[in-house]
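The values are calculated or read from the model by the stated rules, or taken from the named source; none is laboratory data. Because the structure is a prediction, the values reported are computed rather than measured. We place every Cβ from the backbone using ideal geometry, glycine too, and count neighbours over all the protein chains shown. Just the protein is used for accessible areas: all its heavy atoms, side chains included, with ligands, DNA and RNA removed. Shrake-Rupley method; radii C 1.70, N 1.55, O 1.52, S 1.80 Å.
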Amino acid sequence: MRAPTLDLTLLRTLVAIADTGSVTAAAKRLAYTQSTVSMQLQRLEAQLSLTLHEREGRRIRFTSEGERLLNHARRLLALNDEAWSDMQARQVTGDLTLGIPEDYASLLPSVFAYFHQLYPAVGLKVICGTSAHLVEQVKAKEIDLALVTRQRNSPGGDVIRREPLVWAVGMNQQPLLSDPLPLALYSPGADVFREVAEQALQSAGRSWRVAYTSQSMAGLAPIVTAGLAIVVVTRSMLTPALRPLDDSSGLPALPMIELALHRAPHRPSEPARRLGELIREQLAAPTLAL
(Lines give C-alpha, C1' and ligand atoms only; values in the text may rest on other atoms or scores of the structure.)
Protein backbone atom coordinates (compact mmCIF):
# COMPACT_ATOMS: atom_id res chain seq x y z
CA MET A 1 0.00 0.00 0.00
CA ARG A 2 1.40 3.36 -1.04
CA ALA A 3 1.83 5.89 1.80
CA PRO A 4 -0.20 9.13 1.51
CA THR A 5 1.68 12.20 0.28
CA LEU A 6 2.34 15.02 2.75
CA ASP A 7 1.22 18.45 1.57
CA LEU A 8 4.30 20.73 1.39
CA THR A 9 2.11 23.82 1.75
CA LEU A 10 0.88 22.58 5.11
CA LEU A 11 4.40 21.67 6.16
CA ARG A 12 5.63 25.16 5.24
CA THR A 13 2.94 26.61 7.48
CA LEU A 14 4.05 24.30 10.29
CA VAL A 15 7.65 25.52 9.96
CA ALA A 16 6.55 29.17 9.85
CA ILE A 17 4.65 28.72 13.13
CA ALA A 18 7.68 27.06 14.72
CA ASP A 19 10.04 29.81 13.54
CA THR A 20 7.83 32.72 14.60
CA GLY A 21 6.21 31.21 17.68
CA SER A 22 2.63 32.18 16.91
CA VAL A 23 -0.15 31.92 14.36
CA THR A 24 -0.27 35.71 14.03
CA ALA A 25 3.41 36.03 13.17
CA ALA A 26 3.30 33.02 10.85
CA ALA A 27 0.35 34.54 8.98
CA LYS A 28 2.31 37.75 8.50
CA ARG A 29 5.34 35.86 7.16
CA LEU A 30 3.27 33.76 4.76
CA ALA A 31 0.91 36.59 3.74
CA TYR A 32 -2.07 34.52 4.91
CA THR A 33 -4.91 35.36 7.24
CA GLN A 34 -4.69 34.00 10.79
CA SER A 35 -7.72 31.81 10.15
CA THR A 36 -6.00 30.27 7.11
CA VAL A 37 -2.91 29.38 9.16
CA SER A 38 -5.04 27.85 11.92
CA MET A 39 -7.08 25.89 9.40
CA GLN A 40 -3.97 24.53 7.67
CA LEU A 41 -2.53 23.37 11.00
CA GLN A 42 -5.82 21.64 11.79
CA ARG A 43 -5.86 19.98 8.35
CA LEU A 44 -2.35 18.63 8.93
CA GLU A 45 -3.37 17.20 12.29
CA ALA A 46 -6.48 15.66 10.76
CA GLN A 47 -4.52 14.03 7.94
CA LEU A 48 -2.09 12.47 10.40
CA SER A 49 -4.67 11.80 13.14
CA LEU A 50 -2.22 13.36 15.61
CA THR A 51 -2.16 16.32 17.99
CA LEU A 52 0.80 18.39 16.90
CA HIS A 53 0.46 21.46 19.11
CA GLU A 54 -0.83 22.93 22.34
CA ARG A 55 -1.58 26.56 23.09
CA GLU A 56 0.18 28.53 25.80
CA GLY A 57 -1.61 31.87 25.75
CA ARG A 58 -1.01 33.36 22.33
CA ARG A 59 2.02 31.18 21.68
CA ILE A 60 2.11 27.61 20.44
CA ARG A 61 4.06 24.72 21.92
CA PHE A 62 4.60 21.63 19.80
CA THR A 63 3.96 18.16 21.18
CA SER A 64 6.60 15.45 20.80
CA GLU A 65 4.82 14.33 17.61
CA GLY A 66 4.83 17.90 16.37
CA GLU A 67 8.58 18.23 17.00
CA ARG A 68 9.24 15.00 15.12
CA LEU A 69 7.18 16.14 12.16
CA LEU A 70 8.89 19.52 12.23
CA ASN A 71 12.28 17.87 11.69
CA HIS A 72 10.92 15.95 8.71
CA ALA A 73 9.22 19.10 7.37
CA ARG A 74 12.44 21.13 7.39
CA ARG A 75 14.29 18.43 5.45
CA LEU A 76 11.49 17.99 2.91
CA LEU A 77 11.13 21.72 2.33
CA ALA A 78 14.90 22.17 2.00
CA LEU A 79 15.02 19.42 -0.62
CA ASN A 80 12.03 20.91 -2.44
CA ASP A 81 13.59 24.39 -2.45
CA GLU A 82 16.92 23.00 -3.60
CA ALA A 83 15.29 21.14 -6.48
CA TRP A 84 13.28 24.19 -7.51
CA SER A 85 16.31 26.49 -7.36
CA ASP A 86 18.43 24.01 -9.31
CA MET A 87 15.92 23.83 -12.12
CA GLN A 88 15.49 27.60 -12.21
CA ALA A 89 19.20 28.34 -11.85
CA ARG A 90 20.09 26.58 -15.07
CA GLN A 91 18.06 29.22 -16.92
CA VAL A 92 19.95 32.17 -15.39
CA THR A 93 23.05 33.43 -17.19
CA GLY A 94 24.90 36.71 -17.52
CA ASP A 95 27.27 38.95 -15.59
CA LEU A 96 26.84 41.43 -12.77
CA THR A 97 28.94 43.63 -10.51
CA LEU A 98 28.36 44.16 -6.79
CA GLY A 99 30.00 46.98 -4.84
CA ILE A 100 30.64 46.73 -1.08
CA PRO A 101 32.81 48.56 1.45
CA GLU A 102 35.73 46.38 2.48
CA ASP A 103 34.40 46.20 6.05
CA TYR A 104 31.21 44.45 4.94
CA ALA A 105 32.96 41.73 2.96
CA SER A 106 32.93 39.48 6.04
CA LEU A 107 29.11 39.47 5.95
CA LEU A 108 28.89 37.93 2.50
CA PRO A 109 31.05 34.79 2.04
CA SER A 110 28.09 32.46 2.55
CA VAL A 111 26.00 34.58 0.18
CA PHE A 112 28.65 34.37 -2.54
CA ALA A 113 29.10 30.62 -2.07
CA TYR A 114 25.36 29.93 -2.18
CA PHE A 115 24.84 32.24 -5.15
CA HIS A 116 27.54 30.43 -7.13
CA GLN A 117 26.02 27.09 -6.17
CA LEU A 118 22.59 28.20 -7.38
CA TYR A 119 23.71 30.10 -10.49
CA PRO A 120 27.02 28.65 -11.73
CA ALA A 121 26.56 30.23 -15.16
CA VAL A 122 26.50 33.79 -13.76
CA GLY A 123 29.74 35.78 -13.69
CA LEU A 124 29.89 37.75 -10.43
CA LYS A 125 32.40 40.58 -10.01
CA VAL A 126 32.83 42.24 -6.60
CA ILE A 127 34.50 45.61 -6.12
CA CYS A 128 35.28 47.47 -2.88
CA GLY A 129 35.06 51.18 -2.21
CA THR A 130 33.58 53.75 0.12
CA SER A 131 29.82 53.77 0.55
CA ALA A 132 29.47 57.26 -0.94
CA HIS A 133 31.51 56.39 -4.04
CA LEU A 134 29.70 53.09 -4.58
CA VAL A 135 26.32 54.81 -4.47
CA GLU A 136 27.51 57.21 -7.18
CA GLN A 137 28.70 54.26 -9.29
CA VAL A 138 25.28 52.63 -9.00
CA LYS A 139 23.56 55.87 -10.02
CA ALA A 140 25.89 56.14 -13.01
CA LYS A 141 25.01 52.53 -13.99
CA GLU A 142 28.66 51.53 -13.65
CA ILE A 143 27.74 48.69 -11.28
CA ASP A 144 24.53 46.73 -10.81
CA LEU A 145 24.23 46.62 -7.02
CA ALA A 146 25.87 48.12 -3.95
CA LEU A 147 25.49 47.13 -0.31
CA VAL A 148 26.54 50.18 1.68
CA THR A 149 26.09 52.19 4.84
CA ARG A 150 23.08 54.38 4.21
CA GLN A 151 24.20 57.96 3.69
CA ARG A 152 22.56 60.77 5.66
CA ASN A 153 22.78 63.29 2.84
CA SER A 154 21.62 60.77 0.21
CA PRO A 155 19.60 58.01 1.89
CA GLY A 156 18.02 55.97 -0.93
CA GLY A 157 18.32 52.23 -1.32
CA ASP A 158 16.39 49.48 0.42
CA VAL A 159 17.27 49.03 4.08
CA ILE A 160 18.49 45.45 4.60
CA ARG A 161 19.68 45.58 8.18
CA ARG A 162 20.01 47.92 11.15
CA GLU A 163 22.87 47.67 13.62
CA PRO A 164 24.00 49.74 16.60
CA LEU A 165 27.35 51.47 16.53
CA VAL A 166 29.66 50.92 19.49
CA TRP A 167 32.90 52.36 20.80
CA ALA A 168 35.59 49.67 20.75
CA VAL A 169 39.14 49.27 22.07
CA GLY A 170 41.79 46.56 21.98
CA MET A 171 40.91 43.35 23.78
CA ASN A 172 44.00 43.52 25.98
CA GLN A 173 45.02 47.18 25.80
CA GLN A 174 43.18 50.47 25.65
CA PRO A 175 43.99 54.18 25.90
CA LEU A 176 42.94 56.44 28.74
CA LEU A 177 39.37 57.62 28.24
CA SER A 178 40.15 61.18 29.26
CA ASP A 179 39.97 64.20 26.96
CA PRO A 180 41.17 64.62 24.34
CA LEU A 181 40.08 61.13 23.36
CA PRO A 182 42.44 59.47 20.83
CA LEU A 183 40.28 58.28 17.93
CA ALA A 184 40.98 55.97 15.01
CA LEU A 185 38.65 57.34 12.36
CA TYR A 186 37.73 56.63 8.81
CA SER A 187 39.18 59.08 6.31
CA PRO A 188 36.96 62.12 5.64
CA GLY A 189 34.21 61.13 3.22
CA ALA A 190 34.94 57.41 3.59
CA ASP A 191 31.75 56.67 5.55
CA VAL A 192 29.26 58.01 8.08
CA PHE A 193 31.02 56.46 11.09
CA ARG A 194 33.38 59.42 11.45
CA GLU A 195 30.55 61.95 11.24
CA VAL A 196 28.49 60.05 13.83
CA ALA A 197 31.42 59.78 16.25
CA GLU A 198 32.32 63.45 16.04
CA GLN A 199 28.70 64.59 16.41
CA ALA A 200 28.16 62.36 19.46
CA LEU A 201 31.29 63.66 21.20
CA GLN A 202 30.53 67.28 20.34
CA SER A 203 26.99 66.94 21.72
CA ALA A 204 28.41 65.43 24.92
CA GLY A 205 30.93 68.26 25.31
CA ARG A 206 33.91 65.92 24.90
CA SER A 207 37.11 66.79 23.08
CA TRP A 208 39.10 64.43 20.89
CA ARG A 209 42.11 64.15 18.64
CA VAL A 210 42.54 62.08 15.49
CA ALA A 211 45.21 59.49 16.21
CA TYR A 212 44.90 57.55 12.97
CA THR A 213 42.84 57.51 9.78
CA SER A 214 42.12 54.89 7.13
CA GLN A 215 39.44 54.08 4.59
CA SER A 216 38.80 50.65 6.13
CA MET A 217 38.82 48.81 9.43
CA ALA A 218 41.79 46.77 8.23
CA GLY A 219 43.84 49.97 8.39
CA LEU A 220 42.43 51.11 11.74
CA ALA A 221 42.61 47.79 13.59
CA PRO A 222 46.37 47.66 14.34
CA ILE A 223 46.50 50.94 16.24
CA VAL A 224 43.28 50.12 18.14
CA THR A 225 44.51 46.64 19.04
CA ALA A 226 47.74 48.19 20.32
CA GLY A 227 45.74 50.29 22.75
CA LEU A 228 46.53 53.63 21.13
CA ALA A 229 43.06 54.70 20.02
CA ILE A 230 39.30 54.13 20.21
CA VAL A 231 37.27 53.19 17.13
CA VAL A 232 33.58 53.20 16.16
CA VAL A 233 32.29 49.95 14.62
CA THR A 234 29.10 47.97 14.25
CA ARG A 235 28.72 44.91 16.44
CA SER A 236 29.09 42.63 13.41
CA MET A 237 32.51 44.21 12.73
CA LEU A 238 33.90 43.30 16.16
CA THR A 239 36.75 40.80 16.02
CA PRO A 240 38.38 38.72 18.78
CA ALA A 241 41.01 41.47 19.03
CA LEU A 242 38.41 44.13 19.90
CA ARG A 243 35.94 44.60 22.73
CA PRO A 244 33.05 47.07 22.96
CA LEU A 245 32.89 49.68 25.71
CA ASP A 246 29.72 49.77 27.82
CA ASP A 247 27.94 52.68 29.51
CA SER A 248 30.46 52.72 32.36
CA SER A 249 33.06 54.11 29.96
CA GLY A 250 31.41 57.52 30.13
CA LEU A 251 31.35 57.83 26.35
CA PRO A 252 28.14 59.05 24.69
CA ALA A 253 25.67 56.61 23.21
CA LEU A 254 25.86 56.07 19.45
CA PRO A 255 22.92 55.68 17.06
CA MET A 256 21.93 52.84 14.76
CA ILE A 257 23.26 52.70 11.22
CA GLU A 258 21.46 51.16 8.28
CA LEU A 259 22.85 48.84 5.63
CA ALA A 260 21.10 49.57 2.36
CA LEU A 261 21.03 47.82 -0.99
CA HIS A 262 21.18 50.17 -3.98
CA ARG A 263 20.21 49.05 -7.47
CA ALA A 264 21.14 50.70 -10.76
CA PRO A 265 18.31 52.91 -12.11
CA HIS A 266 17.08 50.56 -14.80
CA ARG A 267 15.24 47.28 -14.96
CA PRO A 268 17.55 44.89 -13.08
CA SER A 269 18.95 41.91 -14.92
CA GLU A 270 17.80 38.52 -13.71
CA PRO A 271 21.19 37.78 -12.06
CA ALA A 272 21.11 41.15 -10.26
CA ARG A 273 17.55 40.61 -9.10
CA ARG A 274 18.35 37.17 -7.70
CA LEU A 275 21.52 38.30 -5.94
CA GLY A 276 19.61 41.20 -4.39
CA GLU A 277 16.95 38.82 -3.11
CA LEU A 278 19.57 36.48 -1.68
CA ILE A 279 21.41 39.31 0.10
CA ARG A 280 18.15 40.51 1.63
CA GLU A 281 17.21 36.99 2.72
CA GLN A 282 20.61 36.16 4.22
CA LEU A 283 21.39 39.49 5.92
CA ALA A 284 17.95 40.53 7.10
CA ALA A 285 17.89 40.41 10.90
CA PRO A 286 16.00 41.99 13.74
CA THR A 287 17.44 45.24 15.02
CA LEU A 288 20.29 44.31 17.31
CA ALA A 289 20.07 45.68 20.85
CA LEU A 290 22.97 47.29 22.61
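Right, MET256: out of contact with any Gly (no Cβ under 9 Å at 6 or more places or on another chain), of a type outside the set (Val, Ile, Thr) and either over 24 Å from VAL126 (Cα atoms) or open to solvent by 70 Å² or more (accessible area, probe 1.4 Å) (or both) or not? So MET256 fits the description; yes. Screening region 120-192 for strands (runs of 3 or more DSSP E) wholly inside it with 1 or more residues that are at pLDDT 90 or above, open to solvent by less than 10 Å² (accessible area, probe 1.4 Å) and not assigned by the TED database to the domain that holds PRO271 returns the ranges 158-170, 181-186.
No other residue among ARG280, ARG243 is of a type outside the set (A, V, I, L, M) and in a helix (DSSP H, G or I) apart from ARG280. The criterion of being open to solvent by 50 Å² or more (accessible area, probe 1.4 Å) and closer than 30 Å to THR149 by Cβ does not hold for LEU108. Scanning region 202-238 for residues that are open to solvent by 60 Å² or more (accessible area, probe 1.4 Å), in a helix (DSSP H, G or I) and closer than 22 Å to ALA253 by Cβ yields GLN202, SER203, ARG235. Screening GLN91 with (1) open to solvent by 70 Å² or more (accessible area, probe 1.4 Å); (2) in contact (Cβ under 8 Å) with a residue 60 or more places away in the chain gives one miss only, at (2). For the residues ARG61, ARG68, ARG55, the requirement of being assigned to a helix (DSSP H, G or I) and open to solvent by 20 Å² or more (accessible area, probe 1.4 Å) singles out ARG68.
For first residues located in region 45-72 and touching a residue at least 24 places away in the same chain (Cβ under 8 Å), partners that are hydroxyl-bearing (Ser, Thr, Tyr) and part of a helix (DSSP H, G or I) and lie 6+ apart or on another chain with Cβ distances below 9 Å form the pairs ARG58/THR24.
With respect to the conditions (1) within 30 Å of LYS141 (Cβ to Cβ); (2) under 22 Å from the mean Cα position of the chain (by Cα), SER214 falls short on a single one, namely (2).
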